[in-house]
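Notes to accompany the following structure.
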Amino acid sequence: MAKLRFLYDCDPGADDALAMLLALGRPDALEMIGVTCVAGNVGLEPVLNNARRILELAERQDIPVYSGAARPIMASQGRVSIMHGSDGLAGSPLPAPKMPLASGHAAVEISRIARAEGQLHICATGPLTNLAVALLLDPELPDHVSAVTLMGGAAFCPGNTTPLAEFNFAVDPHAAAILFDSGIPVTMLGLDVTRQAVITKDMIHQAEAIGTPVAREASRLLINYGAKDPCLHDPAAIAWMLSPDMFETVTGHVSICTDSSPAAGQVVAAVSERHLAGRTPNCTIVTGVDAAAFQRLFLEALGA
Ligand code: BDR
Ligand code: CA
């Protein structure tokens, strides 16, 4: 089977880090061709450090890391998440990174890489600011992006940051709206599915037993992050790219509330004919997962 080449846009973030380790553990199926970083769980500087700390842990310093948006489009400052600790990696013992950043702003690089690839698959697990800025800078970008697979949103369930919005969409609702309105096919792994992708004690024990440096850091992240938010949110987006058969989906039209109101960042998902009202679906909304199969996939990628 041909490998899926993809660009990873993220805000590590403990679960973004776990997603990176899952993807890097499956070089037979996935090729991460670059990492673009955005402020989210923590500020841009620790995010940039964390992406490189994880790549160095996995001995993949060959993957370029690009710096991106330090704030959402319409807010002068993002909101950070308390779930990931002050360093963003739950107090990780990993050393400061040695690898340099690649030159170029993430939003510009997304366009360049998409054209170089012809058709680019993007996986995004942070606020969508980099992608939105890329779309604003380059109106023809949708012609060069085959798909965006993202973790974000809550289509049919409550939010985790506000009653109505999930963190990534709550941080930058305008960016999410720009992406969903772009015409690029999106697969959305929101809280509907990621709340089912639970971290269990048994999973942690199995990860600990593997004993490699990567698995040791992964189990430390699973323990510390999992104690606050026991869900494999961002790894779910990678798992979808590896094994879509383990998930359940519906197709629909997604729009994002950008009002400056308590509904900011809310997903409005139309799936019935009546609610679609003639609009073409723009999203595969992932609604379910075989949690045990997902845990197995994750542990095997770590070397179990
Ligand atoms: C999402 O928010 C962040 O805190 C996580 O990294 C994940 O991307 C879950 O709502
Ligand atoms: Ca994230």
If we scan the range 230-250, do we find a residue that is free of Cβ contacts under 8 Å to residues at least 12 places away in the same chain, open to solvent by 60 Å² or more (accessible area, probe 1.4 Å) and assigned to a helix (DSSP H, G or I)?
yes
Looking at the range 206-243, which of its residues are touching a strand residue (DSSP E or B) at 6+ places or on another chain (Cβ under 8 Å), under 20 Å from Ala304 (Cα atoms) and of a type in the set (Gly, Ala, Ser)?
Ala236, Ala239
Mind checking whether some residue in the range 100-107 is surrounded by fewer than 18 Cβ atoms within 10 Å (Cβ to Cβ) and within 25 Å of Lys3 (Cα to Cα)?
yes
Under the condition of being basic (Lys, Arg) and outside any strand (DSSP E or B), which residue from the range 1-49 is surrounded by the fewest Cβ atoms within 10 Å (Cβ to Cβ)?
Lys3
Filtering the range 128-187 down to residues that are of a type in the set (A, V, I, L, M, F, W, C), part of a helix (DSSP H, G or I) and closer than 23 Å to Thr251 by Cβ yields Leu131, Ala132, Leu135, Leu141, Phe169, Ala175, Ala176, Ala177, Ile178, Leu179, Phe180
Residue list for the range 251-277, filter: in a loop (DSSP other than H, G, I, E, B), farther than 17 Å from Pro127 by Cα and open to solvent by less than 50 Å² (accessible area, probe 1.4 Å):
Ser261, Ser272
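Would you mind finding the one in Gly159, Gly153, Gly190, Gly183 that is small (Gly, Ala, Ser), within 16 Å of ligand 1 (Cβ to nearest atom), surrounded by fewer than 21 Cβ atoms within 10 Å (Cβ to Cβ) and within 30 Å of Asp259 (Cβ to Cβ)?
Working: Gly153 fails: surrounded by fewer than 21 Cβ atoms within 10 Å (Cβ to Cβ); Gly190 fails: surrounded by fewer than 21 Cβ atoms within 10 Å (Cβ to Cβ); Gly183 fails: within 16 Å of ligand 1 (Cβ to nearest atom).
From the options Gly159, Gly153, Gly190, Gly183, the qualifying one is Gly159.
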Mind listing whichever residues of the range 188-202 are part of a helix (DSSP H, G or I) and either farther than 17 Å from Leu22 by Cβ or at pLDDT below 95 (or both)?
Leu191, Asp192, Lys201, Asp202
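The values are calculated or read from the model by the stated rules, or taken from the named source; none is laboratory data. Not measured: the values here are computed from a predicted model. Here the Cβ is made from the backbone with ideal geometry for all residues, glycine too, and neighbour counts use every protein chain on show. Areas reflect the complete protein model, heavy atoms only, side chains present, ligands, DNA and RNA absent. Shrake-Rupley method; radii C 1.70, N 1.55, O 1.52, S 1.80 Å.
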